[in-house]
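In what follows, a structure is listed as C-alpha cells, so that the remarks can point back to it.
Derivation of every value follows stated rules applied to the coordinates shown; laboratory data play no part. Values in this document were obtained by computation on a predicted structure and should not be read as measured data. With ideal geometry, Cβ positions are generated from the backbone for all residues, glycine too; neighbour counts draw on all protein chains shown.
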Amino acid sequence: MPADAPIRVLVADGHHTARELAVAILRTAGMDVASVASAGSTLERASATLPSVLVLELVLDGERDGWDVLEGLRGDPDTARIPVLVCTTVAGRSTEHRALAAGASAFLPKPYLPDVLESAVRDLAAGIRPPVGSHPREHPG
C-alpha cells in the first residue's frame, strides 16, 4: 500500500450504534471504512476487498458470530493474513486468550477511547502488533 493511500478498514459489529461510532472515529482519522453487521457479510466483504484491517465484534447479527468469522478468515488463504482487531463487549482474559488463539491479531475490550481504537488500527495496518488486551482505563493519558 502506498504511503499516502488511506488505510482500508472493515468494521463488523452487530450493534448499529457501536458500528457507526467505530466507523465515525476511523473516518475522522482519514481511513477508508466500510461496515457490515453479520458474519456472512463480513466474510464476503473481507474476501472481496481484502481490507488493511478488520475490526471485529464477536457479537454479530444472524446465526454465526465473530468466532465463525475468525475461523473462516484464517481457513482461507486469500484472507488468512488480514489483521483482525477483536473489539468486543465480550471481555475478559479467557475471551482475549481464545480470540488470539483463534487468529486475532489484537484484542481491545469495549468501551474504548477513540484514540486507542485509531492507534490499534494504525499499528496493525503498519504490521505492528499493539499491546494485547490493553484497556484505555489501564493507560492514563
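Counting only the backbone N, which residues of the range 44-78 are under 14 Å from the spot 7 Å out from the Cα of A5 toward its beta-carbon? Answer for this model: 49-53. Amide H contacts under 5 Å for L108: V86, C87, T88, restricted to partners 5 or more places along the chain or on a different chain, H placed in the peptide plane at 1.01 Å from N. Projecting label points 7 angstrom from Cα along Cα→Cβ for E63 and L113 puts them 4.3 nm apart. Each Lys and Arg contributes +1 and each Asp and Glu -1, all at the Cβ; summed about the Cα centre of the chain, the dipole is approximately 300 debye. Figure legend: label point modelled 7 angstrom from the Cα of H16 along Cα→Cβ; residues of the range 39-80 with amide N under 17 Å from it are 60-62. Here the gap between R74 and R93, fully extended at 0.36 nm per residue and compared with their Cα-Cα distance, gives a gain of 4.7 nm.
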